[in-house]
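The values are calculated or read from the model by the stated rules, or taken from the named source; none is laboratory data. Keep in mind that this is a model prediction, so the values were computed, not measured. Virtual Cβ from ideal backbone geometry, glycine too; neighbours counted across all protein chains shown. In case anyone asks, the SASA skips ligands and DNA or RNA and just uses the protein heavy atoms, side chains included. Shrake-Rupley method; radii C 1.70, N 1.55, O 1.52, S 1.80 Å.
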Amino acid sequence: MQETDNESYLSSILGKEQLPSHLARAVIEEKLRNAILDGRIPSGTALRQQELATLFGVSRMPVREALRQLEAQSLLRVEPHKGAVVAPLVSEDAVDAYSLRLLLESEALRLSIPLLDEQDIAVAGAYIKMLEIETDYSQMGRLNRLFHMALYSKAPNRRLLRLVEDGLNEEERFLRFNLSAMGLGKLAQDDHWALLNAASEKAVDKAVDILERHLNRGVEAITRYLTASAHTVS
Ligand code: NI
């Protein structure tokens, strides 16, 4: 039976264990997030509340809450007749998402640069240096996000920063799988250094130009990815 197959498939990935009820939501959310981010549960996999509840020996309520959190992080989406399904690595509107990010991040950068101090510049620079020696792609995605956020961090508009961070989180998942394939590492690092120098010189327009070039590389990589996956049998 298919239900049983799916259940044993998930238990082979997530392990089967009895969770104490007060920890259930947080632990389930964490286990699922890690398995989705590192690709152990691929895009398109349906996550059924009852199966997960059985797997962890809990009621459906903490499972439902965990799934809702993951949906808010764009890792899952709810599809008619299927329920919660692991979201694709790149959504159809990825190019739109990048142009929106360019608007938001340019504004954050403009607002933040005049307020950045030496300490902020040093922190951002430390992330680039860590990126230089990091070889684990999931860590590289994370460091890239932290570097960018360090440059935007002084923007006084907190809501703007939250939107910016959502966009970077979305990109992080894509980067984990595609940094190597894109051969983006070196070029992206050149952009990062140029961005840091412009920020430390308080050259706002120059920094925004570099950011635009940097995000456009992302658009090109995603376009290549989508074109390549359109050729694979679906
Ligand atoms: Ni970057």
Filtered residue count, the stretch 213-227, keeping only those that are in contact (Cβ under 8 Å) with a residue 40 or more places away in the chain, of a type in the set (D, E, K, R) and within 16 Å of the ligand (Cβ to nearest atom): 0
Hey, residue 104 within 16 Å of the chain's Cα centre (by Cα), not β-branched (Val, Ile, Thr) and not in a loop (DSSP other than H, G, I, E, B) or not: no
Condition met for residue 74 (among the small types (Gly, Ala, Ser), in contact (Cβ under 8 Å) with a residue 60 or more places away in the chain and either over 20 Å from residue 173 (Cα atoms) or out of contact with any Cys (no Cβ under 6 Å at 6 or more places or on another chain) (or both)): yes
Helices (runs of 4 or more DSSP H) contained entirely in the stretch 108-207, each with at least 1 residues that are away from the ligand (no atom under 13 Å from the Cβ), over 25 Å from residue 226 (Cα atoms) and open to solvent by 60 Å² or more (accessible area, probe 1.4 Å): 118-133, 158-182, 185-200
Within the stretch 209-234, considering residues that are polar (S, T, N, Q) and not in a helix (DSSP H, G or I), the one modelled with the highest pLDDT: 232
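Would it be correct to say that residue 101 is within 14 Å of the ligand (Cβ to nearest atom), open to solvent by less than 30 Å² (accessible area, probe 1.4 Å) and modelled with pLDDT under 95?
yes
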Residue within the stretch 82-96 that is within 18 Å of residue 40 (Cα to Cα), in contact with a helix residue (DSSP H, G or I) (Cβ under 8 Å, 6 or more places away or on another chain) and of a type outside the set (Val, Ile, Thr) present: yes
